[in-house]
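Presented below is the structure to which this report refers.
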Amino acid sequence: MGFFQRMMVLDRRIVFVLIAVAVVTPLFIPFRLKMHPTPASRGLYDSVRRLPRGSTVIISGEYDPGTAPEIQPMMIGALKQCFRKGLKVILMGLWPQGPALEEQALQEVFQEREFKEMGLRYGQDYVNLGFKSGGGAVIQSMGTSIPVAFPTDMTGTPLGKLPLMEGVHNLSDVAFVLDFSAGDPGTPAWVMFAHDRFHVPMAAGCTAVSAPMLYPYLQTKQLSGLLGGLKGAADYEWLTKSPGKGMQYLPSQSVAHLVIVIFIILGNIAFFVTKRKGER
Amino acid sequence: MSTDIGVWIAALLTLGILSFLYKDNPFYKVAESIFIGVSAAYWFVYMIYNVIKPNLYENLQAGHWWYAPAGILGVMMLFRLIPKVGWLSRWAIAFMIGTGAGFNFILYLQSNVMKQMRGTLAPLNSLGNVIMIVGVVTGLIYFFFSAEHKGLLGGAAKVGIWFIMVSFGASFGYTVMARVSLLIGRMHFLFSDWLGLLH
Amino acid sequence: MRREIPLFITATTGVIFIIAYFIPHRPVNQIQQLFLAWLYIIAAFAIILGVLNLLLVNGDKIYKQSKGWGYSVIIILSFLVMAGIGTFNLGGRATSPLEEGTSFMWLFYNVYYPLSSTVFALLAFFVASASFRAFRARNKEAALLLVAAFFVMLGRVPIGNYLTSWIPLKWLQLSTIANWIMAYPNMAAQRAIMIGIALGIISTSLRLILGIEKSYLGGE
Amino acid sequence: MLIKSLERRRDRLRWRVTSITVAFVFSLALGGRAHAGTPQDTLPPAPPTGLIAFDTPNDAGGSITLRWIKSPDDGAGAEDVKGYQILRAERREGPYKVIARLPAGAVRYEDATTKDGVTYYYKVSASDGVNSSESPPGQAVRSKAQWFNFKRLNMLIAGIILSLGIIYFISKARKGEELYIRKIAGLDAVKEAVGRATEMGRKVFFIPGILDLDDVQTIAGLSILGQVARLTAEYGTELEVPVCRSVVMVTGRETVKEAYLDSGHPDAYNDEIVHYMTDDQFGYAAGVDGLMLREKPAAIFYQGAFYAESLILAETGFSVGAIQIAGTAMPSQLPFFITACDYTLIGEELFAASAYLSREPRALGSIKGQDLGKAIILIILGLGVILETLGITSFSQLFTTQ
C-alpha cells in the first residue's frame, strides 16, 4: 500500500485530534490582529452610528446556545454601540432562547466599568420584551401595535409601566431594527415585515451558514449592513473599538481554516494519484 | 480548575457529547437524552410564561372575550393526542396554514421576487452590474424546466451553473467557518471556565 | 364536515391576509389584527403539542420496554425536573422564573447551554474529516466550488491577509477577492435561487388557499 | 402658484421688518445689552411657509401628513434654525398644542395620532433655541382610511398574473394534457448507479432524508425512491432503505411495494427493505454509518431533506467506494453533497425530477406555472436592463414596491 492509499484509509479520529489541536493551540498564544472589516460589516456599524441620539431601536435575538459563539459577540457589540450613542434599546426575540441570551449579554456589558458608570436603568434606557411564538406574524402585529403582541415585558411587567415604551406604539416609532439570527424565523422575516412592509430601516447579524443567502438583500438595501459569522463579530468589535470573544477566537479560526484547506488539497492529491494508478 | 458546581456539570455534559467522536456510546446517549428533555422543558416554560400567560390568560382575565376563540383553537390543537377527537386539531392547523399561506404569498412576491427583480434592473455600466445581471439571468435559466438545455439556452444554463457553483463555494467556506467557531467556543469554555488554564 | 371546515378556515384566513395587504380599510385590517393576536397563542399550543407528543412517545417506549427505553426515562425525568422548576418557579425569589438568578435560569446556563452548543461543535470535527476524506474536485463544477471556497475561507480570516499583504495590488489580496466573490457572483446566484424558491412558495401558498393542496389534513 | 409664493415672500418680508423693529425696541429697553451678546438670541428665525396638510394616502386612517417649505434661515448661511415644532388644534383659532419636535432641515411630518373624522388645524414653528416664529395655520384637514392602496397596484397585477398561470397549468395537467418538462440529467445517473451495483453484486442504499412526510422534499424523495425500486426490481439487485421517521417508513414501504408489483417482481419484495432506525438525528447518522461499513453498498442515494448529518453520511459513503447520488433543497448542505457525491440534484431540480417521474398534476402544473413566472421575469430583466443602459428609468420604476 502506497503512502497516499494509506492516507485515504486513515482513521478519522486522527483527523479529529488534529483539528482539536489546531483550534486549541492558538487560544494560548496572544496575537495582535489587524482587522480589515468587510463592507457589509461597516454598513451595519455606520447605520447605527448615524442614528440620532435618543432614538429607539429594536434588537431582536433569534439564536440559541448552539450558535451563541458566533452571535453573542455581535449582540454585545450592538448593546455597547447603542448605549454609547444614547439610544433607547428594546430587546426581544422570536426564539425562546434569544431573550435569555440577551440578558446574559447585558450582564456582560454592565460588568465593564464604562457601562456600569452610565447608570442605565431598566425600563428607562432599555427593556426586554421577551419571546413570542408565531415568527413573522409577531412583527406584522407590532407594525400596528406593539402592546397587542407584547402585553408585558419578559418578566410580566405591563408595557404601560415602562417609561421607555411611552412614545413607542408601533414600528413606525422605531428608528432602526438590528436583528441577530441563526435561522428561521429570523432575518428574512424581519426584512419582509419590518423593512418591506413597514419601511423601518434595518441591519442584521447572522451565523456564517446563512450569510451568503442574505447578500441579495444587501444589494437592494433591504439590509443596510450584515455581520456574517465570527468574522462579522470580530469586525464589529474592531469597529466599536471594544475587543471581545470575536477577535479572541479569530486566530484559532485562521489556523483551523488553513488546516482544513490543506486537508482538502492533500485529500484531492491522494484521490487523483490513486485514481491514476487504478487506471493504469 | 473551577470550584463552581455548575461549571463542573456543564463540563461533564460537554465531554459526554464530545465522546461521540470516539464512537456512539452510553455517555453520549445519556447526555443527549438530558438535552432532549431539558430543551423540551425550556420551550414549554417559555410558552407558558411568555405567551399563554400574558397573551391569553391575562387578556381573558381582563374580560377581553375576543381572545376566547384562540384559547379554544389552541386546546383543539392538543386534541391531536386523543385519537377519537384528533380530527378537531385540523381546525387549528388549518388556521395556522391559512395564515402562513396568505402571508407567504404576498411577502415572497414582494421581498424575494419583485424587490430582487427591481434590484437587478441596473444599467450595464460597471463590471459589478454586468456580473450581477449575467449571474441572475443565467441562474434563472438553469432552473427553467420547460425547454431543453440546448443551443443558446444550454450555453446560458452552463454559465448559470458556474455562478451557482461559485456561490456554493462561498456557502461551503462560510459553513466551515460557522462549525469551527462553535467548536472554538466550546474549547474556550473547557480550557478557560472549567480548567482555568486560559484568561 | 371533517374536511370542509378546515379547508374553509384555510381559505378564509389566507384570503384575509392577502387582501389586508391591498385594503387598508376597516374591517379588513381589524380582522387581520385580531387573527394575528390569536395566531401566537395557537402557535404556542402547537409547540406545547410537540412537547407533549415527545413525552407520549417516550412514555410509550418505557411502557413497552422497547430497545433503549432507559434513555426515555432520562428524557422524561429531565423534562419533569426542568419544567417543574420553571412552571412553579421553584427555588427562586424572583416573580418570574425567567429572571436572572432563578433555578430555572441556572439550569439553562449549566445544563441546556453546554449540551446545545456541544452538539453543534461536533460538526467541526466532521467537517474536518470530510474535508480530508470526501470533498473532491471530481468535475469542473466541483473544482470551481472548491476554489471559491478556498478564497472565502482564507480571505475571511486574518491569516489570509498575512499571506497576501505583500501583494502591492490591493485587488489581488485575498480579503478583497473574498469580498468581491460574496458581493457579485455569490449574490447573483443566490438571487436566482431566491427568486426560484420564492416562486415555489407562492405556488404552494396558492394551492393551499385554493384547497388544491390538502395533504396537511392527513389521510381518511 | 407664482402669486402665492410671491405673497408668501412679501409676508415674510413684512414679518421680518416687524421683528427687527421689535428687537430694536427691546434692545433699547434693555439698555443696548443685546448688542454686546449674540444678536441671534433676540432675533427669531423667519417662519416656515407654504404649509400643506392632507390625509395620508393609501393608509388605514389615523394619520395626516404635513409638508412645508423650510424657514429661509434654516441653513443657507443664516444657520438660525435649531428645529421645528408641530402644533395642532381642533379649531382654527386654537388653542394649539405642540405635538412633535423635529430637527432643522425637516420639511415633512406624519402625524399618526389623529382620530378619523375630526377636523384639525396645524402650524409649524421654527425655533433657534430661544425664540421661535410660527407659520400661519394650514387649511382644515381630516384623516380617513382608504379602500385600496394604489401604491401596491403593481403587486396586485403581479399576483394575479402568477396565480392565473399556475391555476391554468394545474387544470391543464389534470385534464391529462401532455406538459413538457425537460429531462433532468441526474436521472440518467440513477440507471448507471443501479447497473453498477448489479454488476458488483452489492446492495443499493436509499436515504430519504431526515424530515417527516410533511416536508415536500421527503415526498419528492419518495417518488425518486419509486423509480430506483423499479430498477432494482428489474435488475434483481438488493435494495435497503433505512429511515428515521415511522410515517416515512409506512409510505416508503407502499412506494417500494408498488414499484416491485409494477415491474412484475412482487416476490422479490419484503417489508424489511424499508426499515426504521431511530428518530434521533445523530443516532440515525451513526446507525446508517454502521450499515454502510458492514454492507459496503455499491450505490447510495440521498434524496430528501438533510441537515448536518449529510456530511457524516456522504463521507462514509465515499470511503466505502459507492457511487453517490444526492438531491436536496437544503441550501447549506448542497455544497457538501456536490463535492462528496457523484451527482447532485440542486434545489428545484429535485422537485422537477419528482414531477417528471410521477407526472402528478399538481406538481407538474406548479413547475410549469413557476416556469411561466421565470420567463416573465427574464423578459422584464432583458428589457429593463437595455432601457436602464439607455438611461430610461421609468420602466424599472413600475416594479418598485411599497
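For chain A, the longest principal axis of the Cα atoms and the long axis of helix A:68-84 meet at an angle of about 40 degrees. Using the Cβ-Cβ distance between D:Tyr168 and C:Thr87 with R0 set to 45 Å, the FRET efficiency from 1/(1 + (r/R0)^6) comes to roughly 0.25.
Helix-derived [θ] at 222 nm for chain C: sum -39500 (n - 2.57) over DSSP H runs of at least 4, divide by residue count, nearest 500? Kindly include the intermediate steps, with their values, before the conclusion.
On the way: 9 runs with 156 residues, N = 220.
Result for chain C: -24000 deg cm²/dmol, rounded to the nearest 500.
Value of Rg to Rh for chain A, rounded to two decimals, is 1.08; Kirkwood radius and Rg both from alpha-carbon coordinates.
Percent antiparallel among DSSP beta bridges with both residues in the protein assembly as shown, to the nearest 5? Present the calculation step by step, with values, prior to reporting the outcome.
Details: 28 of 70 bridges.
The answer is about 40 percent antiparallel.
How crowded by other chains is C:73-85, given as the mean number of beta carbons from other chains within 10 Å of each beta carbon? All intermediate terms of the calculation are to be shown ahead of the outcome.
Details: counts 2, 9, 9, 4, 3, 10, 10, 2, 4, 9, 9, 2, 2.
Counting other chains' Cβ atoms within 10 Å and averaging over C:73-85 gives 6.
Counting every other Cβ atom within 10 Å of each residue's Cβ, D:Ser366, A:Ser172 order from fewest to most as A:Ser172, D:Ser366.
At a Förster radius of 25 Å, what calculated FRET efficiency corresponds to the Cβ-Cβ distance of D:Asn270 and A:Ile14, to the nearest 0.05? Mind dumping the intermediate values first?
On the way: r = 40 Å, r/R0 = 1.62.
Once rounded, the FRET efficiency stands at 0.05.
In this label model, B:Ala147 and A:Arg113 are separated by 7.0 nm, measuring between points 7 Å along each Cα→Cβ vector. Just round it to a whole percent: the fraction of Cα-Cα distances in the protein assembly as shown exceeding 59 Å. Here the long-distance tail beyond 59 Å is 14 percent of all Cα pairs in the protein assembly as shown. Counting only alpha carbon atoms, the long axis of helix D:309-319 and the longest principal axis of chain D meet at about 40°. Among A:Glu70, A:Glu237, A:Glu117, the residue with the largest mean-square fluctuation in a Gaussian network model of chain A, with springs joining Cα atoms closer than 10 Å, is A:Glu117. Peptide D:311-320 shows a mean partner chain C-beta count of 5 within 10 Å per residue C-beta. Semi-axis lengths, largest first, of the ellipsoid equivalent to the stretch B:123-199 are 45, 15, 7 Å, with √(5λ) applied to each eigenvalue of the Cα gyration tensor.
A straight Cα-to-Cα reach below 17 Å connects D:Lys368 with the aspartates and glutamates B:Glu148, C:Glu213, D:Glu177, D:Glu178, D:Glu348, D:Glu349, D:Glu360, residues fewer than 8 places away in its own chain not being considered. With the Kirkwood sum run over all distinct C-alpha pairs, the stretch D:185-359 has a hydrodynamic radius of 15.5 Å.
Starting from 0 in steps of 10 Å, tell me what percent of the Cα-Cα pairs of chain D lands in each bin. Percent of Cα pairs in each bin: 4, 16, 17, 12, 10, 10, 11, 10, 7, 3, 1, 0.
Strictly greater than 13 Å: what percent of every Cα pair in the stretch D:185-249 meets that? Intermediate results must be reported in sequence, preceding the final value.
Working: 1301 of 2080 pairs.
Taking all Cα-Cα pairs of the stretch D:185-249, the fraction more than 13 Å apart is 63 percent.
Relative to the dominant Cα principal axis of chain A, helix A:12-28 is inclined by about 50°. In this entry, chain C is assigned a mean projected area of 22.9 nm², taken as a quarter of its C-alpha convex hull surface.
How would you rank C:Lys214, D:Lys374, D:Lys368, A:Lys231, going from fewest to most other Cβ atoms within 10 Å of each one's own Cβ? Please report the intermediate quantities before stating the final value.
Numbers: C:Lys214 16, D:Lys374 19, D:Lys368 24, A:Lys231 29.
Ordered by Cβ neighbours within 10 Å, fewest first: C:Lys214, D:Lys374, D:Lys368, A:Lys231.
Placing dummy labels 7 Å off each Cα toward the beta-carbon, the span from D:Lys191 to D:Leu383 is 4.2 nm.
Sorted largest first, the principal axis extents computed over the alpha-carbon atoms of the stretch A:13-167 equal 57, 34, 30 Å. Among the residues of C:56-67, the average count of other protein chain beta-carbon atoms within 10 Å of the residue beta-carbon is 1.
The GluC sites (Glu not before Pro) found in the stretch D:143-216 that occupy coil by DSSP, while having at most 15 further C-beta atoms within 10 Å, are D:Glu177, D:Glu178. Sorting A:Cys206, A:Cys82, D:Cys341 by the number of Cβ atoms found within 10 Å of their own Cβ, with the fewest placed first, yields A:Cys82, D:Cys341, A:Cys206.
Using only the C-alpha atoms of the stretch B:57-162, find the volume of their convex hull and express it per residue in Å³.
Dividing the Cα hull volume of the stretch B:57-162 by its residue count gives 207 Å³.
Kyte-Doolittle mean at least -1.0 and Cα extent at least 18 Å along the axis: which DSSP H helices of chain C qualify? Once both thresholds are applied, what remains is C:4-22, C:28-64, C:69-87, C:113-133, C:140-155, C:187-210. Where both bridge residues fall in chain D, DSSP classifies roughly 60% of the beta bridges as antiparallel. Of all the Cα-Cα pairs you can form in the stretch A:121-274, what percent are over 24 Å apart? More than 24 Å apart: 50 percent of the Cα pairs in the stretch A:121-274. Secondary-structure-derived ellipticity at 222 nm for chain D, considering helices only, amounts to -15000 deg cm²/dmol, per-run term -39500 (n - 2.57) for DSSP H runs with n ≥ 4.
The orientation-averaged shadow of the Cα convex hull for chain B, equal to a quarter of the hull surface, comes to 22.1 nm². In the stretch C:115-214, the inverse of the mean reciprocal separation of distinct Cα atoms equals 17.2 Å; this is its Kirkwood hydrodynamic radius.
Every number in this text was worked out from the coordinates using simple rules, so none of it is lab data. This structure is a prediction, so every number in the text was calculated from the model and none was measured. We place every Cβ from the backbone using ideal geometry, glycine too, and count neighbours over all the protein chains shown.
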